[in-house]
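As structure tokens, the structure follows; a few thoughts come after it.
What follows draws every value from the coordinates through simple rules; no lab data is involved. These numbers come from a predicted model, not from an experiment. So basically every Cβ, Gly included, is an ideal-geometry build from the backbone, and we count neighbours across all protein chains shown.
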């Protein structure tokens, strides 16, 4: 997530198994530790519920991008065909919205698709020149990582480390950005 | 099992149909009076036309609702889908109504084909006759009574026989473990999809499009399939919800309902896409022989079909689109029910605006005859579905995907 500010310190618990990490998320949240995020090479069923993340706002973003597209299409077609250079095509009125519905539709889809790609890159801190935050490279292969933001937890580092170990973490590393 | 609900619904339907029937005679007298007053203005119109058109309309609507059960099962087998297994006995129960519909369709064609289908008039093909119509005569190779009857009979026989096969495999699977019956069903499903790919289009031409014999649309097969499909999905959803509420099918979870909701949402939009594609091409091209179809609905016959035209668009697009938009709506029984009822009623109007203007024209309307006929057909359908559901375990046994379906979980 993009809410990582510089010089923040993370505890990274590395797990070998998706079932273990799912159970660990439940146990650790019950113990009162706030989890920052869990990284997995593949989607784990029920993980987002167990993490208690709030509902995604991506739908609202998609709607706003789409609305921008629709309004662009309406103004574009109206300006060109209805106002600037009215033309009669196929015996219709010079501006007949029905025949422009495919354009409204296409620009809505185009704007929301491109907008969502941009949103994805921004919210994940990705981009051509950006160096991505990587907690552990092995999460792209066969390991699962649970990250804990130390600045958001009052529990001491040693305690959290032992909680992670007890929940089944194979190793616990410290990562600083 | 669902007997209580079925009997109550059938009794209610019969009671209402009987009282609807009472009104019908009233209506009939009224229509006959109007006929007298109008004299010979409409030489071909008899009050029975409206009755037959109603029977035809409902028969086509419920044929679609029935055959979609088989369609749903077939593509779920072909996709090797697991999630739908928990309630697969519901779509499996729908096609049992097909033989009755087949008999009704053929009977109406033999009894009243001349009143409903302009092309059955032999004078149209006689060059010496003043009624000779070169356009319709050009379609004779396809639209002639023997070939028509063979085709219609073939649709119902093929659909029904393939359904009987998949049904019997499904019942035998309950008794024996292993994947034999699963693969057999898959094969039948694939055959059905190939058959249905052709017959869904041709049956749409035969049942609905040939009423306006001059007019044709290359989108019509898809359009009717889309309409039938989303109706069938709404009926499956309603049946699953009805069973779940009465304490059966407890294995169906919010996740299954969510997926059914997505299906209804997506295919309502698909129907709108096809509807609009057909409408816009005709609107844009502006050819008189094509626009006549929409002119008749929109402004013909004193504008009596204008309201159904907008009801059709509202109930089938705007309503499900807005109601089923959010995740929470698709997981809530009552909202799903409202949307599904909207779709079921809306698609009746879809067929209404396609069948009524060409068959009864200015004599159409929406009165007790329409209501009574819907109730007669609908009670028969509900009885047929529930009696099929009673005959087997509501949750199949030994289906290889059953475990997957029981643990179906989407968030």
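Along each principal axis, taking the top coordinate minus the bottom one, the Cα set of chain B gives 68, 42, 39 Å in descending order.
In terms of surrounding Cβ atoms within a 10 Å radius of their Cβ, A:75, B:203 rank from fewest to most as A:75, B:203.
Principal-axis analysis of the Cα atoms of chain B puts helix B:368-390 at an angle of about 30° to the longest axis. Cβ crowding within 10 Å ranks B:126, B:115 as B:126, B:115, fewest other Cβ atoms first. For chain A, a Gaussian network of Cα nodes joined below 10 Å ranks A:117, A:49, A:89 by mean-square fluctuation, and the top entry is A:89.
The mean sequence distance of close C-alpha pairs (under 8 Å, at least 6 residues apart), as a share of the length of the stretch B:101-154, puts its relative contact order at 32 percent.
For the pair residue B:299 and residue A:88, label points projected 7 Å from Cα toward Cβ lie 1.6 nm apart. Each of the peptides B:255-267, A:26-38 was scored by the mean count of other Cβ atoms within 10 Å over its residues; in descending order, highest first, they stand as B:255-267, A:26-38.
With the simple spin-label model, which puts each label point 7 Å out from Cα in the Cβ direction, the residue B:164 to residue B:123 separation comes to 4.3 nm. Each label was represented as a point 7 Å from its Cα along the Cα-to-Cβ direction; for residue A:162 and residue A:122 these points are 4.5 nm apart. Segment residue A:95..residue A:23, full-extension length gain: 19.8 nm, with 0.36 nm per residue of separation and the alpha-carbon distance subtracted.
Would you mind ranking A:112, A:40, B:129 so that the residue whose beta carbon has the fewest other beta carbons within 10 Å leads the list?
Placing the least packed residue first, the sequence is B:129, A:40, A:112.
Pairs of Cα atoms nearer than 8 Å and 6+ residues apart set the relative contact order; for the stretch A:58-123 it is 52 percent. Rounded to 0.05, the FRET efficiency of the residue B:387 and residue B:79 pair, given R0 = 30 Å and the Cβ-Cβ distance, is 0.55. For the pair residue B:366 and residue B:216, the difference between a 0.36 nm per residue extended length and the Cα-Cα distance amounts to 51.4 nm. Helix A:97-123 sits at what angle to the longest principal axis of chain A, using alpha carbons and giving 0 to 90 degrees rounded to 10? The angle comes out near 20 degrees.
For chain B, adding -39500 (n - 2.57) for each run of n ≥ 4 DSSP H residues and dividing by the number of residues yields -24500 deg cm²/dmol at 222 nm.
From Cα pairs below 8 angstrom and at least 6 apart in sequence, can you work out the relative contact order of the stretch B:48-394, rounded to a whole percent?
26
Would you please put B:169-178, B:393-402 in order of how densely packed they are, using the mean number of other Cβ atoms within 10 angstrom per residue and starting with the highest? Don't jump to the answer; show the numbers that get you there.
Details: B:169-178: 14.2, B:393-402: 17.2.
Answer by packing, highest mean first, reads B:393-402, B:169-178.
In the elastic network of chain B, a GNM with C-alpha springs shorter than 10 Å, the most mobile of B:189, B:102, B:302 is B:302.
Just subtract the alpha-carbon distance of residue A:75 and residue A:103 from 0.36 nm times their residue separation and send over the number in nm, one decimal.
9.0 nm
In chain B, the longest principal axis of the Cα atoms and the axis of helix B:254-285 are about 20 degrees apart.
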